[in-house]
Every structure is written in structure tokens, then in C-alpha cells.
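The values are calculated or read from the model by the stated rules, or taken from the named source; none is laboratory data. No experiment lies behind these values; they were computed from the predicted model shown. Every residue, glycine as well, gets a Cβ built from its backbone with ideal geometry; the counts of neighbours run over all protein chains shown. Just the protein is used for accessible areas: all its heavy atoms, side chains included, with ligands, DNA and RNA removed. Shrake-Rupley method; radii C 1.70, N 1.55, O 1.52, S 1.80 Å.
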2 protein chains.
Amino acid sequence: PSDGGSSSGSESSKDSSRCSTPVLDADRHERLREKMRRRQDAGDKWFSLEFFPPRTANAAVNLISRFDRMGAGGPLFIDVTWHPAGDPGSDKETSSMIIANTAVNYCGLETILHMTCCNQTKDDITGHLQKAKRLGLKNIMALRGDPIGEEWEEEVDGFNYAVDLVKHIRNEFDDYFDICVAGYPKGHPEAESYEADLRHLKEKVLAGADFIITQLFFRSETFLKFMKDCQAIGITCPIIPGIFPIQGYHSLRQLVKLSKLEVPQEIKDVIEPIKDNDAAIRNYGVELAVSMCRELLDSGMVHGLHFYTLNREVATTDVLKRLGIWKEDPRRPLPWAVSAHPKRRVEDVRPIFWASRPKSYIYRTQEWDDFPNGRWGNSSSPAFGELKDYYLFYLKSKSPREELLKMWGEELTGEESVFEVFTCYITGEPNKNGHKVTCMPWNDDPLATETNLLKEQLEKVNRRGILTINSQPNINGKPSTDPIVGWGPSGGYVFQKAYLEFFTSSEIVMALLKVLKKYELRVNYHIVNVKGQNITNAPDLQPNAVTWGIFPGREIIQPTVVDPVSFLSWKDEAFALWIEQWAKLYEEESPSRMIIQYIHDNYYLVNLVDNDFPLENCLWQVVDDTFELLNSPTQE
Amino acid sequence: PSDGGSSSGSESSKDSSRCSTPVLDADRHERLREKMRRRQDAGDKWFSLEFFPPRTANAAVNLISRFDRMGAGGPLFIDVTWHPAGDPGSDKETSSMIIANTAVNYCGLETILHMTCCNQTKDDITGHLQKAKRLGLKNIMALRGDPIGEEWEEEVDGFNYAVDLVKHIRNEFDDYFDICVAGYPKGHPEAESYEADLRHLKEKVLAGADFIITQLFFRSETFLKFMKDCQAIGITCPIIPGIFPIQGYHSLRQLVKLSKLEVPQEIKDVIEPIKDNDAAIRNYGVELAVSMCRELLDSGMVHGLHFYTLNREVATTDVLKRLGIWKEDPRRPLPWAVSAHPKRRVEDVRPIFWASRPKSYIYRTQEWDDFPNGRWGNSSSPAFGELKDYYLFYLKSKSPREELLKMWGEELTGEESVFEVFTCYITGEPNKNGHKVTCMPWNDDPLATETNLLKEQLEKVNRRGILTINSQPNINGKPSTDPIVGWGPSGGYVFQKAYLEFFTSSEIVMALLKVLKKYELRVNYHIVNVKGQNITNAPDLQPNAVTWGIFPGREIIQPTVVDPVSFLSWKDEAFALWIEQWAKLYEEESPSRMIIQYIHDNYYLVNLVDNDFPLENCLWQVVDDTFELLNSPTQE
């Protein structure tokens, strides 16, 4: 066969490593050190965020929400610290391992897992690393850790220094992990000297570390001198300054004690007089951090800033916003939040059904090795995981039972009181008892901005018993940079078919089916009840693309589909949420619980797609026609 | 894993046989007997066309063109007869096997290959069938054939009757082939009786034949009686009447002699007096065929009509048009003509470069087992076949050398005379010597209707040395039923990015490159010379989708792409056509030949895509800007 005779020039067709799906976002295919390099080459400033594992399951749920919120600001990575005393490699929902796993897989964040090595066997460490790799973690911060007891004793066969851990990772896992190590701008408190500590740092880099994050410091000169000293002895990898915005008197004292650092007198002088005024200290801390960060960035030697957040949001976010490196308008690479697990890099399409429950979708597909390119129906495609996810901490409602009862009704008096809850969620108006409904079993967050476009119509239909749980407007070629519906690279156009998904009674379904005959071809529908009785006009089980984008120099991307096969898996989940999240709030046998149970047993789950995306959305007309038919005296 | 608990209802997700690419056209995935059944169930009338293999290579080229033209009328299938004396299974371009192969693979026609069995060994027959299968043929008409010599003698170990061949095919190839057998409305001339012949026919069906095509007949009653008699003895498969439009006195006489049929007196009475008037006989033949076909269709017993064309076009087409079953507006399932080889059923995307040379693309990819889903670049994708296709009869120009010289110039006087040829091809105006240019080396047919949309601009640029060989306008969501740019099922919308491909001098390329800087992001370009020097701004070797469609209840279809990798294979072909088809018309060392050789050696092949399909096509502006830059006194 011909080789084209043309391997000169700027392209080589033979050894192209082009992946098998369209590359929309180079980010998804780069390792952390490559991203860091690319951002530096492009002159982009970046930041990263450090968190520690929470103590309780409730705190874990809150921390995951914080990951989602702070992730929106665009950190290059986050890191999760390792607490040997807290069983950090276990499967507990509060362990370092599981928190890092959640950040990567469910929040889509590039994540570094810390790992300490002293007082641990090689086998333990290898086990932790294998587990981290299995979970999709790709970056390790290699640390010595604090010895147990006062005196430091070398273990003959164990790990004594971080460098031992770096070597071990490279020996056992080759180049799989990106490795980060710690640098001490003032020298490690236990080092013989500042110079000796620099030599130790160089050893860690030579052993295979990819970059350095420093201990916190209080003056920019401290860092800049350290950086020059590092360069002078031949350390060329990136060195990222660790920034600690002072957030309170006690946290500062504690940290200083642990790190054996000295707080400069000029800072003490400011803080001591205001030590009981938290807000004042935080304001000062933000001020201080901003001016130090500016000095660092202005030096031209610093490209990224690493923040010790202490798991708090406000101070760090303030600093980042004032520095102008918090992404105010995060560009979405795809309409849904991608996962950062390496095997999900190729994932480029999802069923629309899980749009408000992306973590559930990721959970139920975590065992998949392949991600279907829009098709769930052929025999090779993997099954969805079981419905046990109500017990997973990152899928738990952020609201406690009492709050849910206030939103969804302490006592339901009939199906209409359920309609009322749905309607209040849509309108944002308080319910009869004055409580706003900010979440629903199918959606743990307030209404999406995009859904807001449909608010008026949604309100009308929910009031009448069309209980909507998912919808999108039609879009006929808006710029990919559109702040509400845009996604993907600049210069493209995005499209949508109108979509509406709801629960409704069999009476309404019967009328709807008559009406839908008039819309044959234009409207595709799937109507299913909890028993799986299924009515559809979809051709041959094929998926219907409902969101797609056209970009310069790319293939078409169709990230969201209405897929008839996965709809039946979603149906199980959607119906189960009535019981698991709502009915179970009430006593068994109570009237309220029986009302929800009745809906669960008798209602249908319906989805409708209007295929004529360039025309005005006809789905509201379909619903209007249905009610008109129901209200007409001779109902045929 | 959960099975969804939902296998009741109308869908079953587990054993779905959904194929891995979007099914746009059920036709492509059905076997002939299924298509026949579906058309019958839908009440659609259909027709089929019989051809015999040509005697010469030139006649073969013409027959293939006829396949393309008559294929546009929408036959359910064509069939190719088998002439034992003409080496029918060989690789000669005139053999039955190769003509059928070309019809299937290059013309995309469902095709039945005839095969006779008498005087042949089992091994010969098996060899023919294996070859047919390998070439992608899926249907066999199993015939006895005429014995050699006057007397019929049974061979002990050989095939004596068509039923032996049917059994052999089923034994050796299971259900792979659809099998057709012949029926004789008047009884086979050698049969003991009409009844005995019906019993033989039933044996053939019981042995595995799927349907029956009858010998020709002259009165509809003949067929209808035969059909009832067949049904009476339990033949339930489709029986298709063979229609023979009388086209001339001699062909009728010859056929009657061979088939031992008697022409009814009433027909003889009409024909004898006009036997020297070909046109009159043909008109009468068409009249006769139309009224007989009407009677057959009106009977309600006939769903399809099989035409003995005698390799002629006019009479059969006339009959079909008058019956209203010739497709006047053939709906294209895809923008390019699909191939009917079973392994190409999944093919759903092609590079735009071969748009005017689809047979060359099919030829050069015939060894492929997989068809890339838009991507030609990864190492697993197969290479393009060698450039030896100038010697393949179905890629030869339909025009002889003398005619080409008249169109492209007996003598070229410089590059401008080449510009002139391109311009005349675009405008349709005669050249200096009064000859119209109806084909070019890159396009054997007159300008496509779609390209006509761009005629005015194309003329302008060709005149100035932008020698266009391929182009398409931008389309922003026209209905899929649009007569010019539409394709795919009804109810959809089709889109295109504007595309322009041309040869041009290095001087123009230099100016073009400067201009293109202004259009960065909006316009993607690939610029390459014969040596393979390649200049592009395409990201990461990714293909750019330039034609796509959105359909009700489907995934997005993107059948045409500009693919950087396959462009380099196309480049070899596009440059070689200068020499193989044009330069070689002239004597070696002649000035004309040297002019073409100069262009081949020095020009660049350029393609441009305007990514902003909703806006006005900017490629004309790009070209204008280029000429403006060239003409400006200070060229920088």
C-alpha cells in the first residue's frame, strides 16, 4: 500500500497518536506536569487548593459541595492531605483516599493525594499506591510524615525520608504518577542547615519528583530567595509557593506551632490587638496574602500559587478574585461535568436523564471499561451499577430530614400537595408554610440557569400535575461562548432539541398519547411506569442526539442523547427516589407516605423530544392540547 | 449488576441487535428477500432490471454508466446474466462476475448474479460462489443453463437441474445467499408437461429458493394463471413477472427462437407491417408493455416487475416512467453514493476529496475491513490502496482521446490555456474551438447541481488561476428533503461548511498564506505540493466535519469530513491525474505536455473550509483579498 509519499512537511500520518474520540479539551488528555508546563509556556497564571480530610460523614458531604463550588473557579489541581492516625488509605468516607477519589471521579478535579512514609512498611505503601492508581488518582505528594514520639530514629529497612518514597514510587510504578515533593523556604526545622535541606530537596528531584510545593511563608522575599538558591544548585523543576491566608488567630497559632515557623513581628503587631475580632483578622489576612501574591507574580518567577485553604472557602476565594485569577465565567468543555479518571478521558456522550445527578451516573458506570459512543444498546455495552447509591455520602442530600420536611411538607394531604412542592421548586416562591423549596429528590441544587428560561411554562404545567424533573429549551446555533447554554471551544455553535421529562398520572398519559398522534415524527416519546411497561415511538432503539456542537476544525460533538436503553435504567432510579428520598421521611403507614407510594406505583415517567429544533418548541403545545382534551366534555 | 428489572414492555435492552453505527437507511442492512417483503407489506410497487455482460471493455464502461443512470430510478435490484461460453467467472472486465461486482461495489446496486450449472463440476461452481461471496455479492439466480449439443443427457455426478444448484448453494453456503429461480408461465419447453414443470418449480422452492422470476410472456393472463397455479400447489414465495418490452423486430425474433416461445398473432399482425421502422416498433413495444404491466399491477397479485432490458435504456425507462414507478426524485440516504458490499454497510463517513471520484475511493479502500468513524489517523486505520486505478475500466474516462483533446486543447500555449479549460468546464460555454468541456481529469461528469450554486464565483477565480476541482456552499439547516442539497430521512435538517479545493501557483499560495492569517480560526486550510510539503493550521490532525444532518430520533450523522491524513493520499491521486489523464494525451517532450508537467511539479493543492457556516461564505473574500494583495504595488 502507498504511504502517501508525503511524510515530509509538518504532519506525519503514520505514527499519529490521535485518540479515537474528538479531542475537545487538551486538558483531559494531559498529565498534571504537562498542564503546568503548558500554562507556564502560555503565560497563564494558575492556582491550586489544599484540603484536609473531614472528620465526619456530614462534613464530607459539605466538603464535596465545596469542591464543586471552588472547582468552578478553575484550580489547576487540588490536593488532599494524609493523616496517618486517621486510617487515610481506608474505604471510610472520611479517609484521604476516598476524599481524593471523590474529587477526581465525581468532581472532575485534577487531584494530588498526599502520602507519608515513615513508620510504614513497603507493602503498606505499595498497597496504598495500587489502590490510588485503581481509583484513577494520578498524582502523589511524597512526604516523610511526622515520626511517632519525640525522637527521630532511622529505621533500617523502612522509609526514613521522602526521597525513599519518591524512589519507591518510581521503582514500583515507573512513570505512572506525577510526583510532588515539599520544599522549605526557611529550611526544614529538623535539617542540619538551610544548605543541607536544599541538597535534600535536590535529591528528591533527582529521584524523580516532577515539581515542588513549598511550606507556607510570610514574606515574598523568603520564597524568591529560596527559589534562586534552588536554581543555583541546579533544581529546574517548577517550584510552587504555598500561600496561607491568615483566617483567624487560633488557626495561625496552631499552624505556627506545628510547622515551627516564626511569625514576623510586624504581623504579630497587627494581629495581637485584634485577636478576638475574626472578621478583622480575616480581612487583614486577605490583604496580606493579596499583596504577597502580587509581589510573587510580579517577580516573573512565579506562575502558580498554592493555597492552604484550611477547608474554608471565603478567604482563599477573596484573594483569588482580587488577584484576578479566579475564573469568573468558567468555560464548560462539555455540557456536563467531566470526570478526571484516566479511563473516562474518552467519555464524550451521556444520556440526558442524569443531567441533575451526574455523580450518580458516574457511580453507576464506574465499573465500565468502555464508554459507549452514544449507544447503550448493543450486547457489548456494560450494564449500569446497582441502585445502592442512596447510601453513598456524595449522593446524600445536603439538607437534613427536618429541612426536607419543611420544604416538601410535614404532612401531605393529596397528590395536589405534591404538585405544590414541584411548583414551588420551579418558581422559587415559598410554600404555604413559608419555606422555599431549594432541592428535590431528583435535583439537589436550585433550578439551573438554563431551566430558568422555561420557568413560566414549567410553573403552569407542574401546577396541573405534569411533575417535571428535567428539561432543556431548543437552541438553534448559539455561539459556543454563550454564557448560559455555551460549551466547548470558542468559535463554535451549539444546538439543542427541546426536552421535557416528567412524572404524571395514567389519566394524563392516556390523553397525551392521543395528542401525540398529531405530532408523530416531530415528537419522540418514551413513557414508562415503575413496572417497566413502556410505550415509545423511537425507531429501532436508536439514541436521539439532543445536544450537539459544531466547532472549527473538528468533528461534530454530541455530548447528550436521549437513549431508549439507558432510560430503563434511569427509570428504576427515578422511581426509587420517590421512596428513598421522599416517602421515607414519613412514618410507615402514614397518609403522607401512602400518597408518595401511590404516585410511585401509579404514575408514569415520560420524556418528550421536539425534533424540529429550528422551530418554536412545540412541547408546551403538546401539554396544552392534552389538558384541552382532558377538559373537553366529550372525551372520546 | 441490575438488569433494570424492566424487560417487560416493548423493548428488551439485553439482546438488542442494534448495530454500532446510526441506522439511517434500513435498506443497507436488509437482505434482498427482506427488502422485497418490506416493500410488499408497505404496498410499494417496485421494479428490477436485467442486463447481460458486454462484449468489449468500452462497452463495459458504457454499461457501468448505464447502471449509474438507471440506478437513479430506484430499481430494487439488477441482475447480470451468465454466459458459460464467455468465461463468466473470470477477472476479465467483461465477465459476468466482474460486471456484477462493479454493480454492487461501485454503483451501490443490489445485484443478483446468474449462475448456470450444467456441464460444470461441483468444484467449479463452489469456486464461483466463493468468489462471488468474497466480492460482496449476496444473491444468486440458480439456473440449469443450456446443454451443449442438441440432446440432453443427465450426468451421473454433475448438476443436471437448477434444483441441484439450489441444494448445493444451501449445503455449502447455508443461508448466506438469497436464491432466485426461474419460472416458466408457459412451462419449460423441455418439460413433459405444464404440470410437471410446476412440480419442478416447487422442488426448487422447497430446496431453498427465496423467490421466482419468470420467463417473458406476452399476455397478462398467462402470468396470472401461472401464479394461481403456483399458489394452488403451495408455492408461497414471491413470483416476479419478467417483462420484455419489444424494442425491435430482430431482437424479438432472436429471443423467441431462443426461448421457444410463440408470439401471439395479434402482436405479429402489428409488427410485421412496421418491421423496418425501429421507432414505430419500440413505441408499440412500450405501449404493449405499459398496458400489460398495468393489468398485472391492477390484479393486486403483483408487487414487482422484472425488466429484460437487453442492455438498453430508453424503452424500459419509458415504460417505468409511464407506470409511475421510476423514482423521479431519488432521495439520497447520504450525500455520497453508498456501496452495496455487506462489509461497507457500516460505512458512514468519507473524506470530501473523492466527492467526484467515489469509485476511486471505493477501489482504494476495498481491502479495508473496518471503516473509520471519521478518523483516518490512528495507527489501526488501514492504508489506502495503490494508485493503479487509471487502468480500471470503471474509472476510465467515458470520452476517447480525440474528444478529450478537443475539450482540453490540441495544443496548450501556456498556463493560461489551462485556466481557460477549467473556466469553460465551470461556465458550460464552448472553448475557443467551439467544444464544450464536459469533463475534467478530476471529474468525469458535468458540474453538479450543487456546484452550480457557486458558478459565478468559480468562474471568476478559475480565470485567474485558482483551478478549482471540488467545492460546496455553506448550508445552515435546510430541510433534508431539499431537492439539491437534501439527503437522509424526511423531517431532518442538513448543514454544510463551505469548502473550496483548487490547484494554484506558489506565487498565489504565498499571498494566500498572508491573507489567511486574518482568517485564523475561521478558515482551516491544508496546502500541499506534489513532494508532500504541507502547510496547515488544522488542530492535531483532527478531521473537520463539513457535511452533517440532524434527524428525528437519531444521532447526528456526519457523512463528509475534511481529514488531514487522507488528504495526503488524495494529494497523490489528484496530482497524478494531471499526468495520467492530461499530459499523456500529448507527445512526450511536446510543449503541451511540458506545460502540464510544469503545473504538476510546481503548483500546490489547497483546500479551505469556512467554519462559520451560519454566516456568509468568506472563502470568496479570502480569494479576493489574495488577488488584491498580489496586485498591490507594495506587496507586503
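May I ask you to verify whether B:Glu287 is open to solvent by 40 Å² or more (accessible area, probe 1.4 Å) and closer than 30 Å to B:Gln496 by Cα? Talk me through it step by step, then tell me what you get.
Values: open to solvent by 40 Å² or more (accessible area, probe 1.4 Å): yes; closer than 30 Å to B:Gln496 by Cα: no.
The answer is no for B:Glu287.
Considering each residue of segment B:359-372, count those that are surrounded by fewer than 18 Cβ atoms within 10 Å (Cβ to Cβ) and within 16 Å of the chain's Cα centre (by Cα), and give that number.
Going through segment B:359-372 one residue at a time, the tally reaches 1.
For segment B:495-517, which residues satisfy the criterion of being part of a loop (DSSP other than H, G, I, E, B) and either at pLDDT below 95 or within 20 Å of B:Gly465 (Cα to Cα) (or both)?
The initial filter retains those residues of segment B:495-517 that are part of a loop (DSSP other than H, G, I, E, B), namely B:497, B:505.
B:Ser505, the sole residue that qualifies.
Here is a check on your reading of the model: is B:Gly491 open to solvent by less than 10 Å² (accessible area, probe 1.4 Å), in contact (Cβ under 8 Å) with a residue 40 or more places away in the chain and not in a strand (DSSP E or B)?
Answer is no for this residue.
Failed condition for A:Ala583, given (1) in contact (Cβ under 8 Å) with a residue 12 or more places away in the chain; (2) at the interface with chain B (Cβ under 9 Å from one of its Cβ atoms), with all others met?
Among (1) in contact (Cβ under 8 Å) with a residue 12 or more places away in the chain; (2) at the interface with chain B (Cβ under 9 Å from one of its Cβ atoms), A:Ala583 violates only (2).
Regarding B:Glu501, is this residue touching a strand residue (DSSP E or B) at 6+ places or on another chain (Cβ under 8 Å) and either without any contact (Cβ under 8 Å) to a residue 40 or more places away in the chain or more than 14 Å from chain A (Cβ to nearest Cβ) (or both)?
Numbers: touching a strand residue (DSSP E or B) at 6+ places or on another chain (Cβ under 8 Å): yes; either without any contact (Cβ under 8 Å) to a residue 40 or more places away in the chain or more than 14 Å from chain A (Cβ to nearest Cβ) (or both): yes.
Considered against the rule, which asks whether it is touching a strand residue (DSSP E or B) at 6+ places or on another chain (Cβ under 8 Å) and either without any contact (Cβ under 8 Å) to a residue 40 or more places away in the chain or more than 14 Å from chain A (Cβ to nearest Cβ) (or both), B:Glu501 comes out as yes.
Consider only pairs whose beta carbons are under 6 Å apart and that are at least six residues apart or on different chains; among these, list those whose first residue lies in segment B:161-176 and is open to solvent by 60 Å² or more (accessible area, probe 1.4 Å) and whose second residue is of a type outside the set (S, T, N, Q).
B:Tyr161/B:Arg144; B:Lys167/B:Ala207
Within segment B:549-575, track down each residue that is at pLDDT 90 or above and either of a type in the set (Val, Ile, Thr) or under 16 Å from B:Ile475 (Cβ atoms) (or both).
B:Gly549, B:Ile550, B:Phe551, B:Ile556, B:Ile557, B:Gln558, B:Pro559, B:Thr560, B:Val561, B:Val562
If the requirement is being within 14 Å of chain A (Cβ to nearest Cβ) and modelled with pLDDT of 90 or more, which of these qualifies: B:Arg55, B:Arg33, B:Arg38? Steps first, please.
On the way: B:Arg55 fails: within 14 Å of chain A (Cβ to nearest Cβ); B:Arg33 fails: within 14 Å of chain A (Cβ to nearest Cβ).
Being within 14 Å of chain A (Cβ to nearest Cβ) and modelled with pLDDT of 90 or more holds for just one of B:Arg55, B:Arg33, B:Arg38, which is B:Arg38.
With the structure loaded, tell me whether A:Trp578 is modelled with pLDDT of 95 or more, closer than 28 Å to A:Ser417 by Cβ and open to solvent by less than 10 Å² (accessible area, probe 1.4 Å) or whether it fails that test.
Yes: the conditions hold for A:Trp578.
Is it the case that segment B:588-608 has a residue that's at the interface with chain A (Cβ under 10 Å from one of its Cβ atoms), hydrophobic (A, V, I, L, M, F, W, C) and under 21 Å from B:Asn462 (Cβ atoms)?
Narrowing segment B:588-608 to residues at the interface with chain A (Cβ under 10 Å from one of its Cβ atoms): none.
Scanning segment B:588-608 turns up no residue that is at the interface with chain A (Cβ under 10 Å from one of its Cβ atoms), hydrophobic (A, V, I, L, M, F, W, C) and under 21 Å from B:Asn462 (Cβ atoms).
How many residues does segment B:44-59 hold that are touching a residue at least 40 places away in the same chain (Cβ under 8 Å) and open to solvent by 40 Å² or more (accessible area, probe 1.4 Å)?
The total comes to 3.
Which one is nearest to the other protein chains (Cβ to nearest Cβ), of the residues in segment B:613-636 that are under 30 Å from A:Val494 (Cα atoms) and open to solvent by 30 Å² or more (accessible area, probe 1.4 Å)?
The extreme case among them is B:Pro614.
Would it be correct to say that A:Thr236 is open to solvent by 10 Å² or more (accessible area, probe 1.4 Å), β-branched (Val, Ile, Thr) and in contact with a Pro (Cβ under 7 Å, 6 or more places away or on another chain)?
Details: open to solvent by 10 Å² or more (accessible area, probe 1.4 Å): yes; β-branched (Val, Ile, Thr): yes; in contact with a Pro (Cβ under 7 Å, 6 or more places away or on another chain): no.
Criteria not met by A:Thr236.
Only residues in segment B:567-579 that are closer than 13 Å to B:Arg364 by Cβ and within 9 Å of chain A (Cβ to nearest Cβ) count as the first member; pair them with residues that are part of a helix (DSSP H, G or I) and of a type outside the set (Phe, Trp, Tyr), Cβ under 8 angstrom, at least 6 apart or cross-chain, and list the lot.
B:Ser569/B:Arg364
Any residue at all in segment B:504-518 that's in contact with an Asp or Glu (Cβ under 8 Å, 6 or more places away or on another chain), touching a residue at least 12 places away in the same chain (Cβ under 8 Å), open to solvent by less than 20 Å² (accessible area, probe 1.4 Å) and of a type in the set (Gly, Ala, Ser)?
Checked segment B:504-518: no residue is in contact with an Asp or Glu (Cβ under 8 Å, 6 or more places away or on another chain), touching a residue at least 12 places away in the same chain (Cβ under 8 Å), open to solvent by less than 20 Å² (accessible area, probe 1.4 Å) and of a type in the set (Gly, Ala, Ser).
Hey, can you tell me all the residues within segment A:529-541 that are touching a residue at least 40 places away in the same chain (Cβ under 8 Å) and within 7 Å of chain B (Cβ to nearest Cβ)?
A:Leu541
In segment A:117-140, what residues are open to solvent by less than 10 Å² (accessible area, probe 1.4 Å) and free of Cβ contacts under 8 Å to residues at least 60 places away in the same chain?
A:Cys117, A:Ile125, A:Leu129, A:Ala132, A:Leu137, A:Ile140
All but one of (1) modelled with pLDDT under 95; (2) crowded, with 22+ Cβ neighbours inside 10 Å hold for A:Ile595; which doesn't?
The single condition A:Ile595 does not satisfy is (1).
Test A:Val485 against the criterion of being out of contact with any Cys (no Cβ under 8 Å at 6 or more places or on another chain), at pLDDT 95 or above and hydrophobic (A, V, I, L, M, F, W, C), and give yes or no.
No.
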